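The values are calculated or read from the model by the stated rules, or taken from the named source; none is laboratory data. On a predicted model such as this, the values are computed, not experimentally measured, just so you know. Virtual Cβ from ideal backbone geometry, glycine too; neighbours counted across all protein chains shown.
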Amino acid sequence: MQRIERLKESPSQTAGPYVHIGALPNFAGIDGVYDEDLGQRMVLGAVRGEQITLRGTVYDGTGAALRDAMVEIWQADAAGLYAGQDGADPAFTGWGRQAGDMETGAFAFETVKPGAVPFRDGRMQAPHVSVWIVARGINLGLQTRIYFADEQEANAADPILARIEHRDRISTLMARPEGDGTYRFDIRLQGEAETIFFDI
Amino acid sequence: MSAFQQKQAVTQTPGGHAAPGGGLYARDRAWHPAALTPPYKTSVARSPVRAPISFSTTLSEETGPVFTQDMLGPLDADLIHNYAKSPEGAIGPRIVVQGRVLDEDGRGVPHSLVEVWQANAGGRYRHKKEGYLAPLDPDFGGCGRCITDEFGNYEFRTIQPGPYPWPNGPNDWRPAHIHFSVFGRSWGQRLITQMYFDGDPMIWHCPIVGTIPSREGIESLVARLDMEATIPMDARVYRFDIVLRGRRQTLFENRMEGL
Ligand SMILES: [Fe+3]
């Protein structure tokens, strides 16, 4: 029998407690090496659509806030286009990177509410933000998604939400409006309300 | 808006190359560390218990931000000098780390952002939460970054980091290592890992290394000393290739050059 030769992906290792040194050196107090930490600003000018703030905290299985996590997000612009696609908003990068506060663990992204993007079969996915979480003790970066609690109709038709068997867990993927364009999305690594994570 | 942000804005180039029938190869999760690895104690309260939910990648996972050379400063890939006040630079054995970012089909992944961080030659990090008594090197910051060329090649210059003790078991030490964060062409390829050094006996004592299930997997993170490439009277060269997830190709797809 012939063999299919394929390389194996490099195994993941934890980001460890000092991920900030490499990814957010100015945040870590290492000044003067890079002008600015990458991913700090997603909105670069007169952006289209609704500007929002996504706020949250990552909690461990004991309910304690992680104070060393780094969170990255990737999302479409207000029209549902990803940066680099034809017609995408030039004032929006689509990619953000933030550290949890070293005392409280809170993170925040200044972004826009994304538009809907197509699923593989052409149906539309509900507006969502892809999220990646790394920290000490996390061996393989965790992938999840933020959906918006005030998009009930789109959420009800979303092909990925539709395949989640335990319907009561869907609420763990919902960012909740808190007024003034702020949405809250807390991430729970374990426990009763463990966030849904994806194997994508 | 600073010049840097403006640059960032205009250097966004096509990220979305999703082709019908494409999508990323499924990740072999048995090859990666499990979420729960009790010998690495911090994983116990930070590991999801429920199985992750799988779906085939969509545009959201197949696109990603693109980074280009012009956002880098001239010393970004030179950790010996990028923080140093003295012209000699950081203290420690000088090394060059070079290699390729590849996908699972062995194709180079161009325009990958490779970010690294490490302890100094004494094993000490420049970080508020660092507790090791080894001294800081005033000329070493510990961060570097580069972007792969059109063939997926990257290279940076640094000093060999020292091993260091860490609070886990009563006497756990990390082997000398360099942390790598890699951004390929799509969100679903995002990876953080660590590079170890050929011949280091500490590798086989480390609970974090030990989270990787197979010896073969561990060995794939050990950089090779390349004496042929070594620069006489300057720096030894270590070679370290990184493999990111590949993408299914469709028969009639006209973009075969990688993600
Ligand atoms: Fe380390």
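Of the residues making up region A:1-28, those that are surrounded by 23 or more Cβ atoms within 10 Å (Cβ to Cβ) and of a type outside the set (S, T, N, Q) are A:E9, A:P11, A:A15, A:G16, A:Y18, A:V19, A:H20, A:I21, A:G22, A:A23, A:P25, A:A28.
Is there a residue in region A:79-94 that is more than 21 Å from B:S186 (Cα to Cα) and either within 12 Å of the chain's Cα centre (by Cα) or of a type outside the set (D, E, K, R) (or both)? Walk me through it before giving the result.
The first filter runs over region A:79-94 and keeps only residues more than 21 Å from B:S186 (Cα to Cα), leaving none.
Checked region A:79-94: no residue is more than 21 Å from B:S186 (Cα to Cα) and either within 12 Å of the chain's Cα centre (by Cα) or of a type outside the set (D, E, K, R) (or both).
Among the residues that make up region B:145-156, is at least one of them within 12 Å of another protein chain (Cβ to nearest Cβ), surrounded by 24 or more Cβ atoms within 10 Å (Cβ to Cβ) and part of a strand (DSSP E or B)? Yes; the residues of region B:145-156 include at least one that is within 12 Å of another protein chain (Cβ to nearest Cβ), surrounded by 24 or more Cβ atoms within 10 Å (Cβ to Cβ) and part of a strand (DSSP E or B). As a summary of the residue check, B:H179 satisfies the conditions (1) within 14 Å of chain A (Cβ to nearest Cβ); (2) touching a Lys or Arg at 6+ places or on another chain (Cβ under 8 Å); (3) part of a strand (DSSP E or B) except for the one numbered (2).
This table checks each residue for (1) within 19 Å of the chain's Cα centre (by Cα); (2) part of a strand (DSSP E or B); (3) modelled with pLDDT under 95.
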{"residue": "B:G99", "(1), (2), (3)": "yes, yes, no"}
{"residue": "B:E115", "(1), (2), (3)": "yes, yes, no"}
{"residue": "B:G122", "(1), (2), (3)": "no, no, no"}
{"residue": "B:G131", "(1), (2), (3)": "no, no, yes"}
{"residue": "B:D139", "(1), (2), (3)": "no, no, no"}
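May I ask you to list the residues in region A:6-60 that are among the small types (G, A, S), more than 16 Å from the ligand (Cβ to nearest atom) and in contact (Cβ under 8 Å) with a residue 40 or more places away in the chain?
A:G39, A:G45, A:A46, A:G49, A:G56
For B:P161, the criteria (1) within 12 Å of chain A (Cβ to nearest Cβ); (2) of a type outside the set (G, A, S); (3) part of a loop (DSSP other than H, G, I, E, B); (4) away from the ligand (no atom under 16 Å from the Cβ) hold in every case but one, which is (4).
Residues in region B:191-207 that are surrounded by 23 or more Cβ atoms within 10 Å (Cβ to Cβ) and either touching a residue at least 60 places away in the same chain (Cβ under 8 Å) or in a loop (DSSP other than H, G, I, E, B) (or both): B:C206 alone. Evaluated against (1) in contact with a Cys (Cβ under 8 Å, 6 or more places away or on another chain); (2) more than 25 Å from A:L142 (Cα to Cα), A:P25 falls short on exactly one condition, (2).
Is it the case that region B:208-223 has a residue that's away from chain A (no Cβ under 11 Å) and either within 13 Å of the ligand (Cβ to nearest atom) or free of Cβ contacts under 8 Å to residues at least 24 places away in the same chain (or both)? Scanning region B:208-223, I find at least one residue that is away from chain A (no Cβ under 11 Å) and either within 13 Å of the ligand (Cβ to nearest atom) or free of Cβ contacts under 8 Å to residues at least 24 places away in the same chain (or both), so the answer is yes. Checking the structure you have, find out if any residue of region B:5-16 is closer than 30 Å to A:D31 by Cα, facing another protein chain (nearest Cβ under 9 Å) and modelled with pLDDT of 95 or more. Scanning region B:5-16, I find no residue that is closer than 30 Å to A:D31 by Cα, facing another protein chain (nearest Cβ under 9 Å) and modelled with pLDDT of 95 or more, so the answer is no. Can we say A:A23 is among the aliphatic types (A, V, I, L, M), within 22 Å of A:V129 (Cβ to Cβ) and facing another protein chain (nearest Cβ under 7 Å)? So A:A23 fits the description; yes. Restricting region B:92-133 to residues that are within 12 Å of the ligand (Cβ to nearest atom) and small (G, A, S), the residue that is farthest from the other protein chains (Cβ to nearest Cβ) is B:G123. If you check A:Q85, A:Q98 for being more than 19 Å from A:R176 (Cα to Cα) and in a strand (DSSP E or B), only one passes: A:Q98.
A:L173 fulfils the conditions (1) surrounded by 23 or more Cβ atoms within 10 Å (Cβ to Cβ); (2) closer than 16 Å to B:V49 by Cα except for a single criterion, (2). Within region A:173-200, residues that are assigned to a loop (DSSP other than H, G, I, E, B) have Cβ atoms under 8 Å from residues that are surrounded by fewer than 19 Cβ atoms within 10 Å (Cβ to Cβ) and acidic (D, E) in these pairs: A:G181/A:E50, counting only partners at least 6 apart in sequence or on another chain. Only one of the numbered conditions (1) within 16 Å of the ligand (Cβ to nearest atom); (2) of a type outside the set (A, V, I, L, M); (3) out of contact with any strand residue (DSSP E or B) (no Cβ under 7 Å at 6 or more places or on another chain); (4) within 28 Å of B:E61 (Cα to Cα) is violated by B:H179, and that is (3).
Here the condition is being crowded, with 23+ Cβ neighbours inside 10 Å and of a type in the set (D, E); of A:D101, A:D77, it holds for A:D77 alone. In the condition set (1) closer than 14 Å to A:I73 by Cβ; (2) within 15 Å of the chain's Cα centre (by Cα), A:A106 is compliant with all but (1).
Taken together, the residues in region B:45-70 that are more than 7 Å from every other protein chain (Cβ to nearest Cβ) and over 24 Å from A:I138 (Cβ atoms) amount to 3.
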